[in-house]
Each structure stands twice: as structure tokens, then as C-alpha cells.
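Undergrad: The structure is given below, and queries will be raised subsequently.
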Amino acid sequence: GLSTDWSNLTDEQQSLIADLVENGQHHLFAGWDAPGTADDEKAAFLASLEKINANYPGGLVGYIANARKLLAEAKTGANPFEGFTPEQPEKVDLNTFDATMEHYEAIGAKQFDKVGVVLVAGGLGERLGYNGIKLDIAVEVLECTTYLKHYADNLLAMQARSESQRPVPFIIMVSQDTGPKTRESLEANDYFGLEKEQVHILQQELVPAIADNDGALALNKKYELILKPHGHGDIHMLLHTSGVAAKLQREGIEYLMFIQDTNGPSFNTLPAAVGVSVEKGYDFNSLAINRIPGEAVGGLAKLVGNGKELTINVEYNQLDPLLRATISPEGDVPNEEGFSVFPGNCNTLLIRVASYVRILEASQGIIAEFVNPKYTDDTKSAFKKPTRLETMMQDLPKLFGESEKVGVTIFSRMWSFSPNKNNIADAAAKVASGGPADAGATAESDFYAACRKRLEVAGAKVETAEEIKILGVPFTLGPKVILRPSFAMTLAEGREKISGVSISDRATLILDGKDIVLKDVELTGRSGLIVKACDGAKVTVSGSTIDNEGFKLVELTEEEMGPGGDAPEYIKIRGYRFEDRGAALYEFDEPGEYEVEA
Ligand code: UGB
């Protein structure tokens, strides 16, 4: 009963249509106009079906089958945690910056040429209300380093510290929303010093929305599917179908570190996390923080029951019901230390490549898809709006067997997790209800806090500033310290290069370069000191008191914040900027030995 002229379709198109019709998708082709009318729309529609069919392992028929199965399960209301009791996962606590942390860092730092970095950056950041890609946002606005440059700088620093100096593979997952601008940023900046060949861009595709429990694909209008994002779990499928995971394994990469687009501190944790994975034999190491009850990050728990044991992220919307049904009738309430019972998932994951590739091959990279339809009523027979299958990258351990080991490594928050996810108004509301802001200003202040910590570990006297509040978002900005990854990747490295330093609450210190040494240097008042040294430039700054006007924080006026204000958007999302009032700048772009007495 399909009314169109099918004779000029390719064999593949005809067989795809036949397969779809056989699988309950007759409506996609019903009521078609006669040949000669809307031919372009029809062609585009068929092209979109073919594209989706090619991108999803098992094709559209596989997608529909998976949808029917998951929707049937959702309808019976099966509790995914039935029979399981959550227990504490196996964990290593690195909240303290002590010998244990340095022990793991030392192990991890030897593995820099066996690690690849995977950045999931397909999301648009609607909650942040930012108009570009999130990777182009500045993580700090003293020098306005973007997240993408900051991540690339870390890869360069890892390379510079490994014996082989082999380029660290950098895999970036983009979507149709973020792909063009991500490529543009890389190209406009000459790949930030990386080699083009070490960067692998993988594009995730949208999946069709589903209109009912029978898995009927939803149409926007005649000849047009409704398409929706499939989630960050697509990274596993893409690393499989592209062959990149297997290729990296053949090239000797042993670990992949998965990071998010706006989590600036992730590389602080890399050396120690790798050290933990190596020493404990973890196939999957989830990096975590002490979670605040109710916080929008999942909880990492060991689920025990049904003859099984599985350490997994319990997503934030499922955690409270699970706790109520098992170990905590009050739900997600604070423990004696004020934290949620289970560590919070940073979604920074360190995965052992050998087990990963094996699991990708067995699963085709489709990792624990789920569906979350909103039904019109209790009969669960109709949806309020079309739904779709989704995946989350942290669900990989659901496919693990007895032999794979999952562990959790806990770090302090400013050191490991300070994403920039919320606009100022939402951030202020989150703070008001007792949660973290996870906003531009806090991402920046935590960035400085982590660098201050490196100074403190090196014995520096650091005078912490008072908390300030801009537009309802509280944060502690000073002293503002940037130690670039070129300067130090581990605590030990910072200790070797810093001695006798003291820095006042309003001062600014920026160090960029591998061979910079600071000895007996005092930064008073609001003074600023910036030292930049190229490769081969050995710079010693010693016996100095720095006393200048440094950087001044200037709050944006209401007018500047408004739509007419000409401040860049990455400034507006934090509500302030800095003015350089005469910080001391020492820059060395020729190799050699230099002594600086300011
Ligand atoms: N992302 C993609 O690349 N593609 C997609 O289709 C979707 C996202 P969100 P979410 O660490 O704060 C996760 O939306 O999903 C990228 C964990 O599930 O910011 O709400 C996107 O670009 C949760 O357990 O996060 O929550 C970004 O880089 C918790 O730990 C990343 O995926 C929380 O993150 C995350 O996307 C957290």
C-alpha cells in the first residue's frame, strides 16, 4: 500500500525500506506524494535513514529491536536494582596531599607515554547558556586560557616528561552541534602545538526518537524524523567502530583517561590516578569526590546481590530511591562528616585498554542503553513526547565479568572536579540550597586553589583571601596562582622548583615553563609576577620582594552584563574581569640560563 514510484531507488534503499516496514515502520512511508512532488524531501529522508542505519551497530532494525526490548522492560516497571544492596566500593582516598599521593604520582608519571586522553565534548551546555562550544570558554581570565588549550597544554607537558616523548593520543568526541567549531578552534590555533595526527575527532550522531512502546520511529513531519542525542556513552561505540581503540592498543597505549569538556582540574589527578590503576590492577578507575547530598553527580557504590557484585555509578536521580529501599530509609542524607554515603562521580574515568578493547568487541560498543520515557498515565501505554535510547559512558562496568576490577579514587574537590555547567542565576540558586555552584567563577577560583595547593606542598606561605560573592555566587579568588602544566605535573616537581616563597591574599603568580625556579621570593599586597620560559630557558628568580599593582578584579556593571554590553560572553558568565595594573612580566624565548632579581 505504499504510494510512490520506488523503481528509481537503489537496491540498498529498497531493502532498507522493506526491513523497516517489516519492523513496524510502515507509517514512515505511508501517504507519500506521487513521483514529481516533494522528491527532494523524499531523497533527503531516505539519505537520513541510510546514514543512521550505517552509524548504529546493528542498523536501524537493531535500534528498533533494542528499543522494543527496553520499552517492554520499562513498562513492567522493573527496578534495575531489585535484589541489590549498595555497599562501599573499593576505594583509595587521596584527599590529603601526603606521601601516599606522591607515591602514586611517581608511579603514574612513568606511564605518560602509555596513556591516551578521551574528551567527550558533544554537549552544547544549555544549562550554561553559552552560545559557542564549551571548549572555547576560558577556564581563567587572567590570561584567558580556553579549556581546549588547557587540555592540549597538559598533553604537551606529559609528552615532554616521558622518556619516548611520544605524542599522547587525544580523542575528541564531538556532535553535529559542536564539531565544526571544535575543528575551527583547533585549526585556527595550529592544534595548540599538538601534531594533527595525534588528534582523533569522532563525531557522534543523533538517534531517532521513538513514539510508542512498539518502537515506531517518530516523525517531525512527513519525510522528517525527530532526532535526539544518544548520550556521552556514544564514545565507546565510536572508539569501537572507528577502530581507534584497537589501534591504540596495538600502538602500546595501556590506559585511556576520559574527561569532560569543562572540568579544568581533571589533569591534576591524572598522575596519581594512573598510579592507583597500575598498583591496584584496576580495569576501571572512577575518579570521585566527597559528594554533597542531593548533588547532581552520581554516587559510586558496590551493588551486592543476586549472586553478583558490581561497582557502578548510580545516577543522581536513582540514588535516593535506592538508598530509601535499602540502607537508608531517610534517603540521600548526610553522614557524620556531612557527605552523602557514597563518593560522587566526577565522570573522569581511567580505563585499562586491554579489557576495554575486549569488551568493545563483545558488545559492539553499545554500552548499557537505557530508555526513560515520560508516560501520559499509569497504564504506561503512551508517552507525553517521543523518547529515545540513551547511554552514559560511566556504565561500561555493567559489561564486566568476574575478572575485571573496578575501583574508586577519591580526591579533594578543587583538585579534581569543578565543572563550569551552570549560568550565574542557576548557580546562585544551587548555592542557596546548599549545593556547589559549578559555574564560571568557581571553576576559575578552584583552578587557582589547586595551584595554590602545589605551592603549599612546596612549603610556600600562602595567605588565603576572603570569600567574595558576585551575583549570588560565592568564591575565594586569591591569591591567584597559575602553575602551567609545563611547570609541574606532579607535587614532587613543584617541590623541586619552589622554596622560600610567600604570597599575599591579593597577589598573582603565573609560572609557565619547565625550568623555572623560585627561591626566596615574596609577593606582597596586590603584586603580580609572571615568568614564562621557553624550552631550554633555565630561569632562576631569587631573593626578591615583588611589589607592584598587579591585577585588579573589576566587577561588570549591570550595563556591561546586559545584552548590549561588549564584554565577551566568557567574561559575562562570571561577572568580573581583571585589569593588569603593572604586574612584573619576565619572558624568555631563547634557550639559555637566566637569573632574575626583581
Ligand atoms: N556529552 C557528550 O559528549 N555527548 C552527549 O550526548 C551528552 C554529553 P553533562 P550529565 O560529572 O557532573 C554526568 O550533560 O550527563 C558530554 C554524569 O552522568 O554535563 O548530566 C558533554 O559535552 C553524572 O554521573 O553531564 O552528568 C560533557 O562533556 C555526573 O557525574 C559531558 O558529556 C555529572 O556528569 C557531561 O555531560 C558530572
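Bear in mind these aren't lab numbers, they're just calculated from the coordinates by the rules spelled out. These figures come from a predicted structure and were not determined experimentally. Please note: Cβ atoms are built from the backbone with ideal geometry, for glycine as well, and neighbour counts cover all protein chains shown.
Undergrad: Direction-averaged shadow area of the convex hull around the Cα atoms of the stretch 138-238, nm²?
TA: Projected area, direction-averaged: 9.6 nm².
Undergrad: Additional query: Among ASN154, GLN204, PHE170, flag the residue with its Cα farthest along the positive direction of the charge dipole of the stretch 113-261, charges on Cβ as +1 for Lys/Arg and -1 for Asp/Glu.
TA: About the Cα centre, the residue reaching furthest to the positive side is GLN204.
Undergrad: So how do 300-307, 385-392, 263-270 stack up, highest first, on mean other-Cβ count within 10 Å?
TA: Descending packing order for the listed peptides: 263-270, 385-392, 300-307.
Undergrad: Just want the ordering: CYS346, CYS534, CYS451, from fewest to most Cβ atoms lying within 10 Å of their own Cβ.
TA: Ranking CYS346, CYS534, CYS451 by Cβ neighbours within 10 Å, fewest first, gives CYS534, CYS451, CYS346.
Undergrad: Karplus couplings for the stretch 467-482 from phi (6.51 cos²θ - 1.76 cosθ + 1.60, θ = phi - 60°), rounded to Hz, Gly and Pro as x?
TA: Result, rounded to whole Hz: 5, 10, 9, 10, 6, x, 9, x, 7, 10, 8, x, x, 7, 10, 10.
Undergrad: Turning to a different aspect of this structure: Whole-Hz ³J(HN,Hα) for each residue in the stretch 297-311, computed from phi via Karplus 6.51 cos²θ - 1.76 cosθ + 1.60 with θ = phi - 60°, x for glycine and proline: what do you get?
TA: 10, x, x, 9, 9, 9, 8, 10, x, 6, x, 10, 8, 8, 8
Undergrad: Something else: Between the stretch 93-169 and the stretch 6-27, how far is it from one alpha carbon centroid to the other, in angstrom?
TA: When both Cα centres are located, 47 Å separates them.
Undergrad: Starting with the highest mean, order 505-512, 241-248 by the number of other Cβ atoms within 10 Å, averaged over the residues of each peptide.
TA: The peptides rank, most packed first, as 505-512, 241-248.
Undergrad: Got a sec? Charge dipole of the stretch 172-311, +1 on Cβ for Lys and Arg, -1 for Asp and Glu; which of GLY298, PHE258, ILE235 is way out at the positive end?
TA: GLY298
Undergrad: Cβ neighbours within 10 Å, averaged per peptide: list 322-335, 573-586 in order, most packed at the top.
TA: Order by mean packing, descending: 573-586, 322-335.
Undergrad: A follow-up question, please. Which percentage, to the nearest 5, of the DSSP beta bridges contained in the stretch 464-552 is antiparallel?
TA: 15 percent
Undergrad: Shifting gears a bit: Please give the charge dipole size of the stretch 487-572, origin at the Cα centre, charges +1 on K and R Cβ atoms and -1 on D and E Cβ atoms. Round to the nearest 20 debye.
TA: Rounded to the nearest 20 debye, it is 520 debye.
Undergrad: Evaluate the charge dipole of the stretch 273-418 about its Cα centre and quote only its size in Debye, nearest 20, assuming +1 on the Cβ of each Lys and Arg and -1 on the Cβ of each Asp and Glu.
TA: Result for the stretch 273-418 is approximately 320 debye, rounded to the nearest 20.
Undergrad: Now for a separate question. If one computes P(r) from the Cα atoms of the stretch 1-86, what percent of pairs lie at distances over 15 Å?
TA: 67 percent
Undergrad: If we restrict to alpha carbons, what Rg and Dmax does the stretch 142-184 come to, in Å?
TA: Over the stretch 142-184's Cα set, Rg and Dmax evaluate to 13.0, 38 Å.
Undergrad: Just the C-alpha atoms of the stretch 42-150: what Rg/Rh do they give, with Rh taken as the Kirkwood radius?
TA: 1.12
Undergrad: Next question. Suppose every K and R has +1 on its Cβ and every D and E has -1 on its Cβ; what is the size of the dipole of the chain about the Cα centre, in Debye to the nearest 20?
TA: 860 debye
Undergrad: Let me ask you something else. Kirkwood hydrodynamic radius for the stretch 448-598: how many Å is it when counted over pairs of different Cα atoms?
TA: 16.2 Å
Undergrad: Averaged over all directions, how much area does the convex hull of the C-alpha atoms of the stretch 244-342 cover when projected, in nm²?
TA: About 8.9 nm², averaged over all directions.
Undergrad: Any idea how far the Cα center of the stretch 218-243 sits from the one of the stretch 410-478, in Å?
TA: With the stretch 218-243 and the stretch 410-478 each reduced to a Cα centre, they are spaced 35 Å.
Undergrad: Between Rg and the Kirkwood Rh of the chain, both from Cα atoms, what is the Rg to Rh ratio?
TA: 1.00
Undergrad: Return the percentage of antiparallel bridges among DSSP beta bridges fully within the chain, rounded to the nearest 5 %.
TA: Counting only bridges with both partners in the chain, antiparallel ones make up about 40 percent.
Undergrad: Among ALA441, CYS451, ASN420, whose Cα projects farthest towards the positive end of the dipole of the stretch 391-466, with charges put on the beta-carbon of Lys, Arg (+1) and Asp, Glu (-1)?
TA: CYS451
Undergrad: How large is ³J(HN,Hα), in whole Hz, for each residue of the stretch 241-253 in order, when computed from phi with the Karplus curve 6.51 cos²θ - 1.76 cosθ + 1.60 and θ = phi - 60°, using x for Gly and Pro?
TA: Whole-Hz 3J(HN,Hα) from phi for the stretch 241-253: 5, 6, x, 5, 4, 5, 5, 5, 4, 4, 7, x, 6.
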